[in-house]
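To start, I am sharing the structure in question, which I have written as structure tokens.
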Amino acid sequence: MITTLKQPTLRGYYGEFGGAFVPEMLFNNVEELRTNYLEIINSDSFKTEFDALLRDYVGRPTPLFEARRLSAKYGARIFLKREDLCHTGAHKINNTVGQIILAQRLGKTRIIAETGAGQHGVATATVCALVGLPCVVYMGAVDIARQAPNVARMRLLGAEVRPVHSGSKTLKDATNEAIRDWIANPVDTHYIIGSVVGPHPYPDLVARLQSVISEEIRTQLLAVTGSELPDCVVACVGGGSNAAGAFYHFLDEPTVRLVAVEAAGLGVHSGHSAATSVLGTPGVIHGSRTLLMQDRDGQITEPYSLSAGLDYPGIGPLHAYLGAVGRSEFVAATDAQALRAVGECARLEGIIPALETAHALAVLGDLNFKKTDVVVVNLSGRGDKDLDTYLKNMEGLEE
Ligand SMILES: *Cc1c(COP(=O)(O)O)cnc(C)c1O
């Protein structure tokens, strides 16, 4: 029986979503992780080491900033949770720091990861450099060509970036290669997955490691507003890790409205979108049962978003479940709306957000807030990596 929305069953199910659908040859790897992760990450010594690195290396706690000019514009008290100020510029480092400590405690001596836009690859290469473990990042050849700065960052950090030339040469092909590597190297290698996706226990593991975001929000809100609970939390969803982290400690607080924002691309029904909650149907992707964009034969439909971090054909099983039981609301923002929100946040608050993050900011006018509502927007990352895109779309950034 599920007594809390946070906790999947022993086999990783959130309602009908989740589980671990992996090839026979991967069973032992996943099982080793499943039977050990809770004991390790709940131990005092893990927590001590994790907290120290989050503080001294990542720069936590990140500020909770009351955005007065956005508040005036949207008629609510709007707070920005500043994950953009984390080392490497986004929330992804919270997860990789946690998983590298876990890997060491499992006795692993080699790390693999897959990356699409390169952000998770950079966060993984960073923590491998920190602890001195070799790191191989699988990346589609098309993505390597599109994301040259992040490829350079990973190499500078000492990681090996292995191009993948099969299939469409993008994220899903890189994932297949990473899985193949893990099958070939089951004893010494840990596979760091970058969002609340993949076979159990990854969705739960990553949600727990990212939950530091909502833990901090509660403490910070109490100091400023006198209550730990906001009226609403808004976060963008690619796989769903920053949203899971921002929602986590509010999941069992029914008065807190949770809003997950997907990328509508050129429009939800334009044929060029990544709005999985609307367009998706249940199926298995990357080892878990969840909502995904697929055709009638179960072939994955290519997602589209101008934002590389939201350009994913599925969502984590936790989010599929929260949506199905009505605990969270899904909304979507188009490329054009997100670009406008980038410009607005820059001009009104002096903060240039990542394009992914801007999707969360873009829906603030649609949520019918009351003036007294306390709203937290998870500012998942900074816009430096997107400057090229912003330069090419300067007109779109204006009002
Ligand atoms: C990767 C990324 C995302 C999307 O990933 P989630 O797992 O959905 O959080 C969102 N924002 C930023 C800044 C990212 O780098």
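Each value in this text was obtained by applying a stated rule to the coordinates, not by laboratory testing. Owing to the predicted nature of the structure, the values given are computational and were not obtained by experimental measurement. Here the Cβ is made from the backbone with ideal geometry for all residues, glycine too, and neighbour counts use every protein chain on show.
For the chain, with only Lys/Arg (+1) and Asp/Glu (-1) charged at the beta-carbon, what is the dipole magnitude about the Cα centre, in debye rounded to 20?
It works out to roughly 380 debye.
Here is a further query. Which of these, Ile285, Ile111, Ile300, has the largest mean-square fluctuation under a Gaussian network model of the chain (Cα springs below 10 Å)?
With Cα springs under 10 Å in the chain, the top fluctuation among Ile285, Ile111, Ile300 is at Ile300.
About the Cα centre of the range 146-197, what is the dipole size in debye to 20, counting +1 per Lys and Arg Cβ and -1 per Asp and Glu Cβ, all else neutral?
280 debye
Over all directions, how big on average is the projection of the convex hull of the alpha-carbon atoms in the range 73-156, in square nanometres?
Averaging across all directions leaves 7.5 nm² for the Cα convex hull.
Quick check: the angle from helix 44-53's long axis to the longest principal axis of the chain, C-alpha only, nearest 10 degrees?
60 degrees
A further question on this structure: So what's the net charge close to Asp181: Lys and Arg +1, Asp and Glu -1, counting the other residues with Cβ under 14 Å from its Cβ?
Summing Lys/Arg as +1 and Asp/Glu as -1 gives -1.
May I pose another question? Relative to the Cα centre, what is the charge dipole magnitude of the range 13-164, using +1 at the beta carbon of each Lys and Arg, -1 at the beta carbon of each Asp and Glu, and rounding to the nearest 20 debye?
780 debye
Taking other Cβ within 10 Å of each residue's Cβ, how do Asp204, Asp373, Asp51, Asp44 sort, fewest first?
Ordered from fewest to most neighbouring Cβ atoms within 10 Å, Asp204, Asp373, Asp51, Asp44 come out as Asp44, Asp51, Asp373, Asp204.
Related question: Using alpha carbons only, how many angstrom separate the centre of the range 259-325 from the centre of the range 1-64?
23 Å
Charges on Cβ only, +1 for Lys and Arg, -1 for Asp and Glu, centred on the Cα centroid of the chain; of Ile183, Ser166, Leu339, which one is farthest towards the dipole's positive end?
Going by the Cα projections, it comes out as Leu339.
Please build a GNM for the chain, connecting alpha carbons under 10 Å apart, and tell me which residue among Gly12, Gly59, Gly240 fluctuates the most.
Of Gly12, Gly59, Gly240, the Gaussian network model singles out Gly59 as fluctuating most.
Between Tyr138 and residues 5 or more places away or on another chain, which pairs have amide H atoms under 5 Å apart, with H built 1.01 Å from N, and which residues are they?
HN-HN under 5 Å from Tyr138: Ala113, Glu114, Thr115, Arg162.
If you don't mind, another one. Could you check which residue among His319, His165, His190 shows the biggest mean-square fluctuation in a GNM of the chain with a 10 Å Cα cutoff?
Between His319, His165, His190, it is His165 that shows the largest mean-square fluctuation.
What number of lysine-lysine pairs in the chain show an alpha-carbon separation below 16 angstrom, given a sequence spacing of 8 or more or placement on distinct chains?
4
What 222 nm value per residue comes from the helices of the chain, counting each DSSP H run with n ≥ 4 as -39,500 (n - 2.57) and dividing by all residues, nearest 500 deg cm²/dmol?
Rounded to the nearest 500, it is -11500 deg cm²/dmol.
Between the range 344-372 and the range 129-174, what is the separation of their alpha carbon centroids in Å?
31 Å
Would you mind computing, in nm to one decimal, how far apart the modelled labels at Glu39 and Phe27 are, each placed 7 Å from Cα along Cα→Cβ?
2.1 nm
Express the C-alpha Rg of the range 53-120 as a ratio against the empirical globular expectation 2.2 N^0.38 Å, rounded to two decimals.
Ratio of Rg to 2.2 N^0.38 Å for the range 53-120: 1.51.
Sort Ser166, Ser328 by Cβ crowding within 10 Å, fewest neighbours at the top.
Ser166, Ser328
In the range 1-141, if every C-alpha pair distance is counted and binned at 5 Å from zero, what percent goes to each bin?
For the range 1-141, the binned pair fractions read 2, 8, 13, 14, 18, 17, 13, 8, 4, 2, 1, 0 percent.
Along the charge dipole of the range 14-111, Cβ charges K/R +1 and D/E -1, which of Gly18, Phe65, Ser43 sits furthest on the positive end?
Phe65
Residue by residue through the range 103-119, which ³J(HN,Hα) values in whole Hz follow from phi under the Karplus form 6.51 cos²θ - 1.76 cosθ + 1.60 (θ = phi - 60°), with glycine and proline marked x?
So the Karplus estimates, Gly and Pro as x, are 4, 5, 6, 7, x, 7, 10, 8, 10, 10, 7, 10, 8, x, 6, x, 5 Hz.
Hey, another quick one. Defining a contact as two alpha carbons under 8 Å apart and six or more residues distant in sequence, what relative contact order in percent does the chain show?
Dividing the mean separation by the residue count of the chain yields 19 percent.
I've got another one for you. What angle, in degrees between 0 and 90 and rounded to the nearest 10, separates the Cα long axis of helix 212-225 from the longest principal axis of the Cα atoms of the chain?
Computed tilt is about 20 degrees.
Could you grab the Rg to Rh ratio for the chain? Cα atoms only, Kirkwood for Rh.
Across the chain, the Cα-based Rg/Rh ratio is 0.94.
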